[in-house]
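In what follows, a structure is listed as structure tokens, so that the remarks can point back to it.
Please treat every number below as a calculation from the coordinates, not as lab data. In this text, all values refer to a predicted model and were calculated from it rather than measured experimentally. Note: ideal-geometry Cβ built from the backbone for every residue, glycine included; neighbour counts use all protein chains shown.
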Amino acid sequence: MLTLTNICRLPTKLRRRARRRRMATLWFLALLTLVVFLPVYAVYKPPTILLRHLARRWPDVLWQVDGLPADRRVVALTIDDAPSDQTPEILRLLREHGARATFFVIGGQVEEDGGRRRDVLRQIVREGHELGNHAMHDEAARSLNPAELEEQILHVQELLRDAYADSDGDTTTTTTTTTTTTTTTTTTTTQRYQYYRPGSGFFTDSMRKLVARLGYRLVLGSIYPHDAQITNWRLNARHILSMLKPGRIVICHDRRSWTVPMLTKVLPEAKRRGYRFVTVTELLLEAEEVLGDT
């Protein structure tokens with residue numbers, strides 16, 4: 001029976017019901033945010049546990065080198081989409097800060113400007129850096145069939161071999177000096193390792209088999225500021241610096257006007273923290289020295 005007391009209680013019950021609905025809505029929105037943004041954040045800043053899982057799942061793919069002690073502050077710097085009009089300025093910065101890098105070369109860009117960019121490849125090698133294979137065009141490698149991809153890799157391979165062969169009698173010797181050790185490494189035209197990085201960073205099982213058959217190691221990385229899409233150099237620099245750890249591999253891009261200011265910030269700050277930027281080969285040699293075969 002509807003009484004005066006029951007009538008007075010109705011607003012309270014309605015308020016409680018509305019409060020429960022609001023709480024349920026908030027919990028739903030919070031859960032939705034986690035479901036949507038957590039995977040995005042994990043891609044942008046992959047946690048160590050994810051990187052180790054990827055390394056176990058695909059051990060033939062190089063993501064980073066685990067196990068280096070804290071006092072071995074070496075990080076491989078890799079630069080995709082070389083060469084370009086930006087490359088000489090990038091080389092100047094690397095030289096200025098005593099850093100070295102592995103440049104992943106797009107063959108089609110080498111053959112632009114009437115082949116004058118072949119000289120840029122030779123300069124990269126002469127200055128103690130190394131070259132990796134990024135196929136012929138800036139495109140998703142997984143969209144190519146195996147025959148197309150093999151043809152592109154082999155074409156770029158010849159460009160890289162020519163660059164090494166034309167640089168100071170086929171041999172480049174570089175010396176790295178730290179406070180504790182001096183390491184000399186020699187890079188020859190016939191490299192100890194050949195590296196391939198797929199366009200857009202995605203690979204397939206058939207691609208892995210092809211790359212291995214051609215004598216390459218597939219290299220990705222563990223620090224990627226997504227600078228191919230994000231044009232804010234300050235944000236990209238903060239991203240790299242926030243994720244520096246011994247053994248990691250940085251991915252950044254040539255051919256972007258914001259790369260030079262980003263490196264202008266990253267290189268001296270990383271050096272101040274005691275880090276050395278090295279080539280992929282130098283990182284692997286450092287790991288062999290400390291950990292044995294990687």
- Task: Please give, to one decimal in nm, the separation of the simple spin-label points placed at Arg272 and Arg95, each 7 Å out from Cα toward the Cβ.
- Result: 2.5
- Enumerate the aspartates and glutamates that Lys209 could reach by cross-link, defined here as Cα to Cα under 13 Å, with residues fewer than 8 away along the same chain left out. Asp60, Glu150
- Reachable aspartates and glutamates from Lys45, Cα under 14 Å, same-chain residues fewer than 8 places away excluded? Asp227
- Item | Pairwise label distance in nanometres, Arg19 with Ala165, each label 7 Å out on the Cα-Cβ vector | 8.1
- Please arrange Glu127, Glu289 by counting, for each residue, the other beta carbons lying within 10 Å of its beta carbon, fewest first. Glu289, Glu127
- Message: Return the Rg/Rh ratio of region 190-280 with Cα-based radii and a Kirkwood Rh.
- Response: 1.02
- Message: List the aspartates and glutamates whose Cα sits under 17 Å from the Cα of Lys245, skipping any in the same chain fewer than 8 residues away.
- Response: Asp66, Asp71, Glu269, Glu282, Glu286
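Please give the length that would be gained between Asp113 and Ser206 if that part of the chain were fully extended, namely 0.36 nm times their separation in residues minus their C-alpha to C-alpha distance (nm, one decimal).
30.1 nm
Starting with the fewest neighbours, write out Leu144, Leu131, Leu54 ranked by other beta-carbon atoms found within 10 Å of each beta-carbon.
Leu54, Leu144, Leu131
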- Task: Please say if region 45-178 is rounded, prolate or oblate, where rounded means a/c under 1.5 for a ≥ b ≥ c the square roots of the C-alpha gyration tensor eigenvalues, and otherwise the choice is prolate for a/b larger than b/c and oblate otherwise?
- Result: oblate
- Query: What does the charge count near Arg208 come to, summing +1 for each Lys or Arg and -1 for each Asp or Glu among other residues with Cβ under 14 Å from its Cβ?
  - Reply: +3
